[in-house]
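The structure appears right after this line, and notes come after that.
Every read-out reported here was derived from the displayed coordinates using simple, explicitly stated rules and does not represent laboratory data. Computed from a prediction, not measured in an experiment: that's the story for all the values here. Note that we place each Cβ from the backbone using ideal geometry, even for glycine, and neighbour counts take in every protein chain shown.
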Amino acid sequence: MKNIAVKISEDFQNIYYIEGKKNGRYPYSNSFLVGDYIVDTGISPERINELKKRVKITNVLLSHWHEDHISGNQFFKNARFSCHPADKSVVEDISKMTNHFEMHNPTSEDFYGEVMRMLNCQNTKVNSTFSDNDIFYINDELHLQVIHTPGHTAGHCCFLEQNSRIVFLADIDLTKFGPWYGALDSSVVDFENSILKLINMPFDYAFTSHGSLIEGNDHIKTMLEAYLSIIYERDDTILSNLSERIPTNPKQMSGKNIIYKTYSISKIYEIFAEEIMLQYHLDKFLGENKVIQEGDGYILR
């Protein structure tokens, strides 16, 4: 598997970082292979076929329901599928994705529909669910622990191989963009707490769904802290866009590069996500008594 798989440490056998097509950039993602268990299937059909020539996958664990993480599910017809119960219904019925992303106009639905057709996403029967701190005892040496880290989705999970202290952070992706919580089952507050939870856990190696391998507990912790700080920077920017007299709502703030510093060819989709994310920050400020709601807008307290 030398073309697509990276052995994370020579000290630990049968643990691989599987790089997705285009270096794991969307609409693809990286996978975590531990023995005959794989976490996520978005590496691309070609890479899945190459992997299957070398390993018989018995179990597929899904970090969450997003399309770039489940797009290869149909290539593992003889494997058992598991995910967190909060994400199960969407994995089993992908038509629910559009509602979760709150796309309710023809242009955005057409855009997302084209992405789904390109990826050939299909409904997946989930055989079992897992919860925080559950452990899959793959063999005597490979113990894969579930770390429930909601925020990106309600059921988003990371996975730690306990003996090697290798963690797959999934879409706590440590990118410069920062945390993404632009769906109806997302939460900025949960995302903050999930990052803090990880900061306080010891890891020797980490990698993400869309990034490369990171070595050393101090380095991993520093990157998690920098990632968390992006949420706090967004807090400050959003508060600076509010007035003490004139109510402002998320729709009025979206499109101004508050969350997305630049917009891509997917701008119509990004604007929907940005409005949702802005609303989550405003809800957070309400809970912290920093703002007052007036009609559909918010003013500084």
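Which residue, 231, 196, 83, has the largest displacement toward the positive end of the dipole of the chain when charges sit on each Cβ (Lys, Arg +1; Asp, Glu -1)?
The listed residue farthest towards the positive side: 83.
What is the pair-distance distribution P(r) of the stretch 171-239, computed from all Cα-Cα distances in 10 Å bins starting at 0, with each bin given as a whole percent?
19, 54, 23, 3
So if a site counts as exposed when it's one of the chymotrypsin sites (Phe, Trp or Tyr not before Pro), its DSSP state isn't H, G, I, E or B, and it has at most 15 other Cβ atoms within 10 Å, what's the longest stretch of the chain without one? Display every interim value, and only then the final one.
Numbers: sites that count: 177, 263.
The longest uninterrupted stretch comes out as 1-176.
What 222 nm value per residue comes from the helices of the chain, counting each DSSP H run with n ≥ 4 as -39,500 (n - 2.57) and dividing by all residues, nearest 500 deg cm²/dmol?
On the way: 9 runs with 99 residues, N = 301.
Calculated from helices alone, the mean residue ellipticity at 222 nm is -10000 deg cm²/dmol.
If the chain between residue 110 and residue 193 were fully stretched, how many nm would it gain, using 0.36 nm times the residue separation less the Cα-Cα distance? Write down the numbers at each step before the final one.
Working: separation 83, 0.36 × 83 = 29.88 nm, distance 3.47 nm.
Difference between extended and current length: 26.4 nm.
So if the hydrodynamic radius of the stretch 242-300 is defined as the Kirkwood radius over C-alpha pairs, what does Stokes-Einstein give as its diffusion coefficient at 4 °C and 1.567 mPa s, in µm² per second?
Values: Rh = 11.9 Å.
Estimated diffusion coefficient is 109 µm²/s.
Within 10 Å of each candidate Cβ there may be at most 11 other Cβ atoms; applying that plus a DSSP loop requirement, which trypsin sites (Lys or Arg not before Pro) in the stretch 165-207 survive?
Values: sites: 165, 176, 197; in loops: 165, 176.
Taking the stretch 165-207 and a limit of 11 other Cβ atoms within 10 Å, the loop trypsin sites (Lys or Arg not before Pro) found are 176.
For the chain, set up a GNM with springs between Cα atoms under 10 Å and report which of 286, 278, 33 has the largest fluctuation.
Of 286, 278, 33, the most mobile in the Gaussian network model is 286.
Mind checking the dipole of the stretch 5-229: about its Cα centre, +1 per Lys or Arg Cβ, -1 per Asp or Glu Cβ, Debye to the nearest 20? Mind showing how you got there, number by number?
Working: 19 positive and 30 negative charges, 136 e Å.
About 660 debye.
To the nearest 10 degrees, how steep is helix 267-287 against the longest Cα principal axis of the chain, on a 0 to 90 scale?
The helix 267-287 is inclined about 70 degrees to the chain.
Rank 207, 66, 45 by how far each Cα sits towards the positive end of the charge dipole of the stretch 5-229 (+1 on Lys, Arg Cβ; -1 on Asp, Glu Cβ) and give me just the farthest.
The residue sitting farthest along the positive end of the dipole is 45.
Could you check the simple spin-label distance between residue 252 and residue 22, using points 7 Å along Cα→Cβ, in nm with one decimal?
3.7 nm
Relative contact order of the stretch 242-300, please, whole-number percent, based on alpha carbon pairs below 8 angstrom and at least 6 residues apart.
Averaging sequence separation for qualifying contacts and normalising by length gives 52 percent for the stretch 242-300.
Given R₀ = 35 Å, FRET efficiency for residue 184-residue 240 by Cβ-Cβ distance, to 0.05? Display every interim value, and only then the final one.
Working: r = 27 Å, r/R0 = 0.76.
Taking R0 as 35 Å, the efficiency between residue 184 and residue 240 is 0.85.
Normalising by the residue count of the stretch 5-229, find the relative contact order in percent from Cα pairs under 8 Å and 6+ residues apart.
Numbers: 470 pairs, mean separation 35.6, N = 225.
That works out to 16 percent.
Taking the chain as the reference, fit the longest principal axis to its C-alpha atoms, fit the long axis of helix 217-240 to the helix C-alpha atoms, and give the angle between the two in degrees, 0 to 90, nearest 10.
20 degrees
Using only Cα atoms and rounding to the nearest 10 degrees, what angle (0 to 90) does helix 106-119 make with the longest principal axis of the chain?
On a 0 to 90 degree scale, this one is about 10.
Filter 21/176; 88/267; 52/125; 21/77; 22/96; 7/53 down to the pairs with a C-alpha to C-alpha distance above 23 Å, please.
Details: 21/176 20 Å; 88/267 28 Å; 52/125 20 Å; 21/77 21 Å; 22/96 27 Å; 7/53 17 Å.
Pairs exceeding the cut-off: 88/267; 22/96.
Using only alpha carbon positions, build the gyration tensor of the chain, then give the equivalent ellipsoid semi-axes as the square roots of 5 times its eigenvalues, largest first, whole angstrom. Intermediate results must be reported in sequence, preceding the final value.
Values: eigenvalues 233, 97, 52 Å².
For the chain, the semi-axes come out at 34, 22, 16 Å.
Using 7 Å Cα-to-Cβ label points, what is the residue 283/residue 118 separation (nm, one decimal)?
3.0 nm
Taking the chain as a Gaussian network, Cα atoms linked when under 10 Å apart, which of 167, 188, 115 shows the biggest mean-square fluctuation?
115
Rounded to the nearest 0.05, what FRET efficiency do residue 162 and residue 232 have when you use their Cβ-Cβ distance and R0 = 45 Å?
Efficiency, rounded to the nearest 0.05: 0.90.
Each residue of the stretch 149-157 in order: what ³J(HN,Hα) in whole Hz does its phi give by Karplus 6.51 cos²θ - 1.76 cosθ + 1.60, θ = phi - 60°, with x for Gly and Pro?
9, x, x, 5, 10, 5, x, 4, 9
Please give the length that would be gained between residue 140 and residue 301 if that part of the chain were fully extended, namely 0.36 nm times their separation in residues minus their C-alpha to C-alpha distance (nm, one decimal). Walk me through the numbers before you get to the answer.
Details: separation 161, 0.36 × 161 = 57.96 nm, distance 5.71 nm.
Gain in length upon complete extension: 52.2 nm.
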